[in-house]
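Report on the structure given below.
Bear in mind that the values in this text are calculations on the coordinates, not laboratory data. Because the structure is predicted, anything quoted here is derived from the model rather than measured. Cβ: placed from backbone, ideal geometry, glycine included. Neighbour counts: every protein chain shown.
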Amino acid sequence: MFSNDDFELLIQEIYSRYQYDFRLYSKSSLRRRLEQALIKFHCQNLKEIRMKVQTEKEFFPQLIAYLTVNTTEMFRDPGYFKSLRENVFPYLKTFPSLKIWIAGCSTGEEVISFSILLHEAGIKRFIIYATDINPMNLERAKKAIYDTEQVRKASSSYYEAGGTGSLADYYQAAYDSVQFNQDLLSNVVFSDHSLATDAVFSEMHLISCRNVLIYFEKPLQERVFKLFDESLVRDGFLGLGSKETLQFSSIKNKFEVRDRENKIYQKAWTP
Amino acid sequence: MSHDNLLRKCISQKIRVIVVGTSAGGIDALKRILPSFKDSKKLSVAVVIHLPARGPNLIPELFKEICSFKVKEAESGESLQPGYIYFSPADYHLSIESNETLSLSSEEPLNFSRPSIDILFDSAAYSFESKALGILLTGANHDGTAGLLKIQSKGGICLIQDPSEAEYPTMPQSAAKSLSANAIMNLKQMKSFLEELSRSSYE
Ligand SMILES: C[S@@+](CC[C@H](N)C(=O)[O-])C[C@H]1O[C@@H](n2cnc3c(N)ncnc32)[C@H](O)[C@@H]1O
């Protein structure tokens, strides 16, 4: 039901037809996503999926939602956010205006977390660029409506992250979902941007890219690191996921480790 | 299959990776078998043990001291090396890729488990086919059965801890019922089997 050749052909077809480049993604995870897609779209094999990609215009946007791993949560790894608040924000505060890039923002929980922390740190002049390749994720992120149960769990992470108010101050609760205040997104620009194929789009003071690189093979990770290096201003910060590291990358010497455990780096001053 | 026949089968299939899955009672069981791996130029071992999600993973430290293989927590993208035992980090799935690297993922838990034994086994089956050996030990759930079935269907070899000996028999029992495992062994037998396997030389 699952042949390697069909797998490669499908990935190739997606790339040439839609310019979504999954060729350097870790294969195991992608294969599991596709196995789920077979069930969801009632296909017998990957050939059928490929036929649909070729012939049905509406199919691809639905498929893409299945190909990416979207798991996320608010204040994921609270120590990371606490460290940003304590070690990075005081420094960023000295800039007249800030540009922050959240790459691979998924359904927006990380964006809300940042907005809340910036607000509590009294940082007002900033823009957050929140990017992802999955259009459905971006749509959900813009709405900022989340499951009540999920937000309830996030409340303890918010405190662990050093939150100074109450998470409930930032949303309106409805029956089984909550709506975060749209103010939190007023300085946020959501856009479709692929770390695998797109280029630098602005100069950033802080880039947060978490739990995206673990799905990439080494050469693609390397591409992304170069992109981040080019995008960051001198002294700019880079934050990665808890299982991601700059240690084995070619840009490692241009960065200093600010918080090893929480994977926060600062681009070193190079004369 | 007898011990000797199984050993011959492993050698003729040139087993390269050994994937181990366990849950409740797993630390003690792993302490019995992981030290069996002696210096080997061919075997790599990857282990999933269900752990509470948060907090630092102390398991690799625990095993460093008693194993002759090098022990480490797996990192995403690192290459699979012989003579190493890799543990999945808490709260991440671990997979073995066909380009002989390891990868991590925070995909949804599978059957309430992250890391999932099924995911590790399934990836080893796809990437190493008949060169994969899966070992399922004590545990109180059903993780691992589907993964062993996948290893079996790709021609790999499956070992199951004898449920009557297991501290928590549910997991090995579930697997023993569903597949024609190549062998059901108690830990003592498994230990000597793995010692012999890691000592035998094949290309
Ligand atoms: C596991 S989520 C991580 C979300 C969030 N950063 C966090 O840490 O919780 C990974 C996200 O990366 C996105 N992604 C995958 N490939 C990408 C690419 N080439 N460029 C940008 N985003 C990508 C996926 O669509 C998904 O939303």
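Kirkwood Rh over alpha-carbon pairs of segment A:62-136, then Stokes-Einstein at 4 °C and 1.567 mPa s: what D in µm² s⁻¹, rounded to an integer? Before the final figure, lay out the partial values.
Working: Rh = 13.5 Å.
Result for D is 96 µm²/s.
Residue separation times 0.36 nm, minus the C-alpha to C-alpha distance between A:THR94 and A:PHE2: what's the value? Could you put the intermediate results ahead of the total?
Details: separation 92, 0.36 × 92 = 33.12 nm, distance 5.47 nm.
Extra length available between A:THR94 and A:PHE2 comes to 27.6 nm.
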By the Cα gyration tensor axes a ≥ b ≥ c (a/c under 1.5 gives rounded; else a/b larger than b/c gives prolate, otherwise oblate), the shape of the protein assembly as shown is prolate
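Among the DSSP beta bridges whose two residues both lie in chain A, what percent are antiparallel, rounded to the nearest 5?
Numbers: 14 of 33 bridges.
Roughly 40 percent of the DSSP beta bridges within chain A come out antiparallel.
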With just the Cα atoms defining each centre, how far is segment B:69-146 from segment A:177-201? Give it in Å. 34
Placing +1 on each Lys and Arg Cβ and -1 on each Asp and Glu Cβ in segment B:2-122, then taking the dipole about the Cα centre, the residue among B:VAL48, B:SER113, B:ILE66 whose Cα reaches farthest towards the positive end is B:ILE66
Within 10 Å of each Cβ in B:99-111, how many Cβ atoms from other chains are there, averaged over the peptide? 5
With just the Cα atoms defining each centre, how far is segment A:47-118 from segment A:119-167? Give it in Å. 10
Fewest-first ranking of B:THR22, B:THR145, A:THR55, B:THR101, using other Cβ atoms within 10 Å as the exposure measure: A:THR55, B:THR101, B:THR145, B:THR22
Evaluate the charge dipole of segment A:4-67 about its Cα centre and quote only its size in Debye, nearest 20, assuming +1 on the Cβ of each Lys and Arg and -1 on the Cβ of each Asp and Glu. 160
At q = 0.19 1/Å the base-10 log of I(q)/I(0) from the Debye formula over the alpha-carbon atoms of segment A:194-271 is -0.74
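Once you charge only the Cβ atoms, +1 for Lys and Arg and -1 for Asp and Glu, what is the size of the charge dipole of the protein assembly as shown about its Cα centre, to the nearest 20 debye? Don't skip to the answer; put the middle values down first.
On the way: 56 positive and 58 negative charges, 158 e Å.
I would put it at about 760 debye.
Based on a Kirkwood Rh over C-alpha pairs, give the Stokes-Einstein translational diffusion coefficient of chain B at 10 °C and viscosity 1.306 mPa s in µm²/s. Let's see the in-between values first.
Values: Rh = 16.2 Å.
The diffusion coefficient I find is 98 µm²/s.
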By a straight-distance test (C-alpha under 17 Å), which aspartates and glutamates pair with B:LYS72 as possible cross-link partners, with residues fewer than eight away in the same chain excluded? A:GLU244, A:GLU261, B:ASP39, B:GLU61, B:ASP91, B:GLU100
The correct pair for segment A:103-249, radius of gyration to one decimal and Dmax as a whole number, both in Å and from Cα atoms, is 15.9, 47
Among the DSSP beta bridges whose two residues both lie in the protein assembly as shown, what percent are antiparallel, rounded to the nearest 5? 30
A:MET51 versus A:ILE39: modelled label distance in nm, points set 7 Å from Cα along the beta carbon direction: 2.3
Among B:GLY156, A:THR164, A:GLY122 the positive-end extreme of the charge dipole of the protein assembly as shown (Cβ point charges): B:GLY156
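Just checking the output field for B:82-93: average partner chain Cβ neighbours within 10 Å of each residue's Cβ? List each step's numbers first, then the result.
Values: counts 0, 0, 0, 0, 0, 0, 0, 2, 0, 3, 5, 4.
Per residue, the number of nearby Cβ atoms from other chains is 1 on average.
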What list do you get for A:VAL88, A:VAL200 if you sort them by fewest beta carbons within 10 Å? A:VAL200, A:VAL88
GNM of chain A, Cα pairs under 10 angstrom: of A:LYS40, A:LYS254, A:LYS243, the biggest fluctuation goes to A:LYS40
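If you average over every viewing direction, what projected area does the convex hull of the Cα atoms of segment A:4-67 give, in nm²?
Values: hull surface 15.1 nm².
Reported value for the Cα convex hull: 3.8 nm².
Rg/Rh for segment B:93-203 to two decimals, with Rh computed the Kirkwood way over all alpha-carbon pairs. Walk me through the numbers on the way to the answer.
Working: Rg = 13.9 Å, Rh = 14.3 Å.
That ratio is 0.97, to two decimals.
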Cα gyration tensor category, rounded, prolate or oblate, for chain A with a/c compared to 1.5: oblate
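Quantify how strongly other chains surround peptide B:70-77 by giving the mean number of their Cβ atoms within 10 Å of each of its Cβ atoms. Could the numbers behind the result be given before it?
Numbers: counts 0, 0, 0, 1, 1, 6, 13, 14.
Mean partner shielding for this stretch: 4.
Using a simple charge model, +1 on the beta-carbon of Lys and Arg, -1 on the beta-carbon of Asp and Glu, nothing else, what dipole does segment B:36-127 show about its Cα centre, in debye to the nearest 20?
Numbers: 8 positive and 13 negative charges, 79 e Å.
For segment B:36-127, the charge dipole is close to 380 debye.
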Using the Kirkwood formula on alpha carbons, the hydrodynamic radius of segment B:1-82 in angstrom works out to 14.4
